[in-house]
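Here's the structure, in structure tokens; my notes come after.
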Amino acid sequence: MNKIGFIFDLDGVIVDTAKYHYLAWKKLANELGFEFTEDQNELFKGVSRKRCMEILLDIGNIEANTEQFNRWMIEKNVDYLAYIEKMNESEILPDVPKILNYLKENKMPIALGSASKNAKPILEKVHLLHYFDVIADGNNVTKAKPDPEVFLIAAKQLGVAPENCVVFEDAVAGVEAANAAKMVSIGIGNKKILSHADYNFNNFKEIEIEFIKELTERR
Ligand code: B16
Ligand code: MG
């Protein structure tokens, strides 16, 4: 078996925190006097907090100075953290532990590659933090996905060449980032939307251990 690094996105891959991001952004939008729909929330997936704030203000046609912009971002995050506080193992997406256990048992390096600045507390809440050798997240990066920076940092910290890394992603920007990093991209979710991924699965229930084994043997 070759040494392959496995990099997991967080929101939409390990847990579905998008619903909490949505509720927190919606509350802010409503306070600012406009609606924010679940469809619009799709634009926020995999996108940095700052960029989300910019898109939200565009939707509401609102101009903000830096002080307001930062204050609203903090407000949103405080509301989001209240949801995170209540999370537990039941929110882990189906069969994620099956893959993590297999990788751990076979001593494969595992990293998180997420845009979130709240990644560590979320992994702690759902009791998955101990699986990860490396956490690359919104706190380490200067350039958001689709820039490959977060995945390249993860690979470097794992000590694995980018071309020997496999990325699990649910967002178009994330798949593009993995491809730009010359990593194997695995799209989790709608195949039509994630058509640029090297492989596609609707969820981890569809991923057989045999497939993971093949990835480690082929490279
Ligand atoms: P935070 P991922 C992303 O997570 C979310 O999909 C995106 O909606 C969010 O804005 C971003 O994290 C930043 O999150 O506000 O917690 O720093 O998919 O990259 O794991
Ligand atoms: Mg995601």
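Yes or no, residue by residue, for (1) without any contact (Cβ under 8 Å) to a residue 60 or more places away in the chain; (2) buried (at least 22 other Cβ atoms within 10 Å of the Cβ); (3) part of a loop (DSSP other than H, G, I, E, B):
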| site | (1), (2), (3) |
| --- | --- |
| 142 | yes, no, yes |
| 150 | yes, yes, no |
| 157 | yes, no, no |
| 160 | no, yes, yes |
| 190 | yes, no, yes |
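Any residue at all in segment 108-122 that's charged (D, E, K, R) and near ligand 1 (Cβ under 10 Å from one of its atoms)?
Among the residues of segment 108-122, at least one is charged (D, E, K, R) and near ligand 1 (Cβ under 10 Å from one of its atoms), which makes the answer yes.
I'd like to verify a number: residues in segment 96-139 that are within 15 Å of ligand 2 (Cβ to nearest atom) and acidic (Asp, Glu), how many?
Total satisfying the criteria: 1.
Only residues that are within 15 Å of ligand 1 (Cβ to nearest atom) and not aliphatic (A, V, I, L, M): list them for segment 72-92, please.
Across segment 72-92, the qualifying residues are 72, 75, 76, 77, 79, 80, 83, 85, 91.
Could you tell me which residue of segment 21-46 is farthest from residue 101 (Cα to Cα), considering only residues that are in contact (Cβ under 8 Å) with a residue 40 or more places away in the chain and within 13 Å of ligand 2 (Cβ to nearest atom)?
21
Tell me the helices (runs of 4 or more DSSP H) entirely within segment 1-115 that contain at least 3 residues that are among the polar types (S, T, N, Q) and at pLDDT 95 or above.
Here the list reads 66-85.
Looking at (1) closer than 15 Å to residue 8 by Cα; (2) part of a loop (DSSP other than H, G, I, E, B); (3) more than 8 Å from ligand 1 (Cβ to nearest atom); (4) among the aliphatic types (A, V, I, L, M), which is the one condition that is false for residue 135?
The one condition residue 135 does not meet is (2).
Table: residues versus (1) within 11 Å of ligand 1 (Cβ to nearest atom); (2) surrounded by fewer than 12 Cβ atoms within 10 Å (Cβ to Cβ); (3) under 19 Å from residue 154 (Cβ atoms).
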position	(1), (2), (3)
34	no, no, no
51	yes, no, no
55	yes, no, no
124	no, no, yes
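Any residue in segment 80-102 that's on the phi < 0 side of the Ramachandran plot and of a type in the set (S, T, N, Q): show its pairings with residues that are surrounded by 15 or more Cβ atoms within 10 Å (Cβ to Cβ) and part of a loop (DSSP other than H, G, I, E, B) at Cβ separation under 8 Å, as long as the two are six or more apart or on different chains.
Going by the 8 Å Cβ cut-off, the qualifying pairs are 88/126.
The values are calculated or read from the model by the stated rules, or taken from the named source; none is laboratory data. Bear in mind the structure is a predicted one, so any value in this text is a computation, not a measurement. A quick note on method: Cβ atoms are made from the backbone with ideal geometry, for glycine too, and the neighbour counts reach across all protein chains shown.
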